[in-house]
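One structure, as structure tokens, below. Some questions next.
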Amino acid sequence: MTLGPLSPGKYWGMRRLADASGRFTMLAVDQRPPIKAAVARARGEVEARDTDVRAVKRLLIEQLSPQATALLADPHWALATALEIADPRAGLVVTLEDSEFEESDEGRISQAIPHWSVEQIKRSGGDAVKVLLWYRPDAPAFVCERQQAWAEEIGEQCKRYDIPFLLELLLYPFAQEAGATTAYIESPSKRPELVVESVRTFADPRFGVDLFKLESPLPAAQLPAEPSAETLHWFEALNEAAARPWVLLSAGVSAPEFARVLTHAYAVGASGFLAGRAIWAEALHHWPDAPRFAAHLAGPSRATFERFIGITKAAALPWFAHPGYGSGGARLAGRDAAMEMQMARSMP
């Protein structure tokens, strides 16, 4: 399957998210449960203070977004700040999915943030729509069908409003499994074949996915410092299943572990990362001491981010050169003399 030409909005949006060489080094500050839990715990409180969550996200954006090719923000606590203070030369990805989801013994059902839509993301200045979809291909058929139907609906809306669809897929434990948790963390017992099968499912053109945000098919803690034939096998399978540009998510793993994930992924054709906690989670240990938190972000966190950026610049595949686009690379739909003449005639 070869990907077709990209519409003007999708083509420009993809370019906005990457650097000039076509590599993605994107910063995520859209986390809701992980940040809320951390700041509440830091104060010894049950619920996070709204002012704390906003302050944390503002400092993350101030201290780290200048290094990013794009910023991922949620509409509740980060989007307004991003629009005010983030570098406008960087791209803006906006979250659509609610952090709350329907949990049952049969599986998880995702949903959009109430009163929030693809159209509103486009109108708010977003360059791409990001959706985290909990998915297990071995869940009951009705669960898989509902998740697929929702993703297909989002893909259609992204096509309508001509904006890239960035789909994040996460495997999860069933509620009845030992050690099951609803936390946004990597499952140490995940099965790589299920990760790959999930990606293959949503690579179908009917979902309209432009860019995948994917987890390591193997637990990050199990990856060797140098890729082996055995570990690369599953990353190669992931790349083949995606059949389009893809980036890595960090899932709360440590910085050294995430560096190993990047090394494996870039060896087979990934185009970058969209990560948060692997970069800045340690800094949160200083909260609610805002000056110490900011200093850690400006020092160790920024150094970690720059390390990931260096790995990416040296080894990631430019998104527009992904084999899924064919030998000529990504193309702009309608980019020909006739189109240019028509545009010229419309100008005063």
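Kindly provide the set of residues from segment 232-277 that are at pLDDT below 95 and among the β-branched types (Val, Ile, Thr), ordered by number.
VAL253
Here's another thing I want to ask about it. Can you tell me which residues in segment 103-131 are acidic (Asp, Glu) and touching a helix residue (DSSP H, G or I) at 6+ places or on another chain (Cβ under 9 Å)? So that I can check it myself, show each step before the final result.
Going residue by residue through segment 103-131, those that are acidic (Asp, Glu) are 103, 105-106, 119, 127.
Answer for segment 103-131, where residues must be acidic (Asp, Glu) and touching a helix residue (DSSP H, G or I) at 6+ places or on another chain (Cβ under 9 Å): GLU106, GLU119, ASP127.
While we're here: Just one of ALA314, ALA294, ALA283, ALA303 is more than 15 Å from GLU257 (Cα to Cα), of a type in the set (A, V, I, L, M, F, W, C), surrounded by 14 or more Cβ atoms within 10 Å (Cβ to Cβ) and out of contact with any Pro (no Cβ under 8 Å at 6 or more places or on another chain); which is it?
ALA294
May I pose another question? From the list LEU83, LEU71, exactly one residue is outside any helix (DSSP H, G or I) and under 27 Å from PHE308 (Cα atoms). Which is it?
LEU71
Could you identify the single residue in ALA220, ALA237, ALA175 that is touching a residue at least 40 places away in the same chain (Cβ under 8 Å), open to solvent by less than 50 Å² (accessible area, probe 1.4 Å), over 16 Å from the mean Cα position of the chain (by Cα) and farther than 25 Å from HIS264 by Cβ?
None of the others qualify; the one that does is ALA175.
What number of residues within segment 16-49 satisfy the criterion of being in a helix (DSSP H, G or I) and more than 24 Å from the chain's Cα centre (by Cα)?
Matching residues across segment 16-49 total 4.
Next question, about the same structure. Name the single residue, out of those in segment 138-152 being in contact with a helix residue (DSSP H, G or I) (Cβ under 9 Å, 6 or more places away or on another chain) and surrounded by fewer than 17 Cβ atoms within 10 Å (Cβ to Cβ), that is farthest from LEU6 (Cα to Cα).
Among them, the one singled out is ASP138.
Does PRO33 satisfy being under 25 Å from SER117 (Cβ atoms) and open to solvent by 20 Å² or more (accessible area, probe 1.4 Å)?
When the stated conditions are applied, PRO33 passes them.
Checking PHE212 against (1) open to solvent by 10 Å² or more (accessible area, probe 1.4 Å); (2) touching a strand residue (DSSP E or B) at 6+ places or on another chain (Cβ under 6 Å); (3) not hydroxyl-bearing (Ser, Thr, Tyr), only one condition comes out false. Which one?
Failing condition for PHE212: (1).
Going through ARG54, ARG58, ARG89 one at a time, which residue ends up being over 17 Å from TRP150 (Cα atoms), free of Cβ contacts under 8 Å to residues at least 12 places away in the same chain and of a type outside the set (A, V, I, L, M)?
Selected residue: ARG89, the only one of ARG54, ARG58, ARG89 that is over 17 Å from TRP150 (Cα atoms), free of Cβ contacts under 8 Å to residues at least 12 places away in the same chain and of a type outside the set (A, V, I, L, M).
For segment 196-206, enumerate the residues that are assigned to a helix (DSSP H, G or I), touching a helix residue (DSSP H, G or I) at 6+ places or on another chain (Cβ under 7 Å) and crowded, with 19+ Cβ neighbours inside 10 Å.
VAL196, VAL199, PHE202
Follow-up. List the number of the failed condition for PRO188; all other conditions in (1) in a loop (DSSP other than H, G, I, E, B); (2) touching a Phe, Trp or Tyr at 6+ places or on another chain (Cβ under 9 Å); (3) without any contact (Cβ under 8 Å) to a residue 60 or more places away in the chain hold.
Condition not satisfied by PRO188: (2).
The values are calculated or read from the model by the stated rules, or taken from the named source; none is laboratory data. Not measured: the values here are computed from a predicted model. For neighbour counting, all protein chains shown are included, and Cβ atoms are generated from backbone atoms with ideal geometry for every residue, glycine included. All accessible areas refer to the heavy atoms of the entire protein, side chains included, with ligands and DNA or RNA removed. Shrake-Rupley method; radii C 1.70, N 1.55, O 1.52, S 1.80 Å.
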